[in-house]
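K.L.:
Okay, here's the structure, questions in a sec.
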Amino acid sequence: MTNSSKDNQNLKIGVLGSGQLGQMMCLEALPLGYDFFCYSPDKDSPSEKAGAVATVGFYEDLASLKIFLSKIDVLSFEFENIPKSTLEYLESQTKQIQIFPPPKALVIAQDRYLEKTHFRKLGFRTASFFHLTENTSKIEINIPYPWIIKTLRFGYDGKGQVKVNDVSEYKNFLDRAFASGNEEYLVEEVIPFQKEISIILTRFQNGEIVCYGAVENEHKNHILDLSIYPARIPTGLNLEATEMACKLAESLDYVGTMGVEFFLKENHIYLNEFAPRPHNTGHFTQDCQSFSQFHLHVSAISGNLPPTDVRPKPTLMKNILGNEYKESLVIARSLLKDDRYQLHLYGKKDAKIGRKMGHINFKGNLEEVNPRFHDL
Ligand code: ATP
Ligand code: MG
């Protein structure tokens with residue numbers, strides 16, 4: 001348990017978004033004695049199931065949002081794709097209500113061009129990139145093929161991404177790219193990386209940062225499949241990635257938990273993107289025998305001091321998707337006979353293909369895990 005400041009005993013925490021990340025924040029906030037509220041357009045959400053007091057409303061509905069803000073002491077996010085006009089409104093409210101992380105962190109995170117430009121300003125290595133709009137589509141792009149073209153906003157789990165191998169494929173892409181005229185994209189050089197890693201950190205209101213070092217991530221069909229903590233990478237690279245993530249958090253006056261994704265190629269670190277919220281690759285922290293990323297997030301936004309004793313242990317995390325969900329649950333439940341496995345289901349009704357339904361953590365390393373874990 002973190003230290004509590006005097007005046008946050010009955011804090012009312014509000015979160016925009018009501019999915020599984022809000023659910024897991026709520027499950028940390030309630031035992032700390034805080035009230036938890038969520039706001040999103042969805043009914044019967046995972047956050048509500050965990051005990052959050054839900055307001056159903058659109059993110060664009062500022063009148064409804066204003067009433068929501070009047071019920072809470074601090075606002076946070078579990079979802080970064082909040083409309084920019086709403087973020088501007090929230091920015092104008094920061095004298096009346098505490099908002100963590102700052103809305104400007106979401107403005108940057110939700111626009112891949114602003115995001116990569118910010119990384120470059122901080123001196124970080126990224127894939128070469130180009131902001132493609134209907135107006136810039138006539139300009140020659142000075143990036144060697146192959147490329148990944150990503151929609152500028154609202155992408156997740158690799159959605160809205162196309163690989164383009166040569167100029168004829170690019171021309172084909174352009175034929176369809178501007179159907180409505182206002183589409184925007186980021187063209188990126190493909191980095192033939194050896195590994196993907198991420199850093200999960202929590203920055204507290206006094207500027208101190210808690211970070212457990214890098215976690216290694218494997219994707220299947222562009223969706224996170226497996227996280228291995230700690231990442232099996234040289235200590236120097238781990239420190240370098242940690243320092244980059246800390247510098248990024250400081251540059252944004254960040255408060256709360258964030259996830260920062262990197263590619264490793266021949267001892268070089270490329271910064272890919274960050275998420276201004278707890279992150280899927282940080283779910284291992286729930287069972288790493290130290291503080292979870294959700295606990296640390298709730299603690300930081302509530303004004304508590306950072307913990308001083310953190311001793312995370314090796315942990316694996318495997319996502320459970322909607323594909324073959326029933327079969328996955330049979331395997332997952334069979335693993336629960338061993339106390340090193342912990343199942344986390346989100347209570348979602350429809351098991352659609354590619355939908356994140358839950359995850360399972362294993363308190364141990366890859367050599368010790370039951371082979372059935374990989375069949376999930
Ligand atoms: P997510 O929500 O899973 O984080 P996203 O849709 O926001 O994904 P990215 O994280 O940028 O988008 O890309 C998804 C995955 O595609 C990456 O984890 C990586 O495996 C691959 N990828 C993205 N950009 C590149 C690149 N420039 N070079 C090589 N692979 C890439
Ligand atoms: Mg990503």
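K.L.:
Considering only residues that are open to solvent by 30 Å² or more (accessible area, probe 1.4 Å), near ligand 1 (Cβ under 10 Å from one of its atoms) and of a type outside the set (S, T, Y), look in region 114-152 and name the one that is nearest to E250 (Cα to Cα).
P.N.:
By that ranking, first place goes to F129.
K.L.:
Which one of these is part of a strand (DSSP E or B), among the aliphatic types (A, V, I, L, M) and more than 30 Å from D73 (Cβ to Cβ): I331, I353, I360?
P.N.:
Checking each option against the conditions leaves just I360.
K.L.:
Among the residues in region 222-233, are any among the basic types (K, R), more than 15 Å from the chain's Cα centre (by Cα) and closer than 22 Å to G123 by Cα?
P.N.:
The answer is no, given that none of the residues of region 222-233 is among the basic types (K, R), more than 15 Å from the chain's Cα centre (by Cα) and closer than 22 Å to G123 by Cα.
K.L.:
Filter the strands (runs of 3 or more DSSP E) completely within region 115-233 down to those with at least 1 residues that are without any contact (Cβ under 8 Å) to a residue 24 or more places away in the chain.
P.N.:
Hits in region 115-233: 161-164, 209-220.
Residue-wise test of (1) more than 20 Å from I223 (Cα to Cα); (2) under 27 Å from the mean Cα position of the chain (by Cα); (3) more than 16 Å from ligand 2 (Cβ to nearest atom).
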site: G158; (1), (2), (3): no, yes, no
site: V164; (1), (2), (3): no, yes, yes
site: S168; (1), (2), (3): yes, no, yes
site: F173; (1), (2), (3): yes, no, yes
site: F178; (1), (2), (3): yes, no, yes
site: E183; (1), (2), (3): yes, yes, yes
site: L186; (1), (2), (3): no, yes, no
site: I191; (1), (2), (3): no, yes, no
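K.L.:
From D338, D350, D375, which residue is over 23 Å from the mean Cα position of the chain (by Cα) and open to solvent by 50 Å² or more (accessible area, probe 1.4 Å)?
P.N.:
It is D375.
K.L.:
Keeping to region 255-301, report how many residues are among the aromatic types (F, W, Y), outside any helix (DSSP H, G or I) and away from ligand 2 (no atom under 16 Å from the Cβ).
P.N.:
1
The values are calculated or read from the model by the stated rules, or taken from the named source; none is laboratory data. Note that the structure is a prediction, hence the values are computed from the model and not measured. All Cβ positions, even for glycine, are placed from backbone atoms using ideal geometry, and neighbour counts span all protein chains on display. Accessible surface is based on the protein model in full, side chains and every heavy atom, while ligands, DNA and RNA are left aside. Shrake-Rupley method; radii C 1.70, N 1.55, O 1.52, S 1.80 Å.
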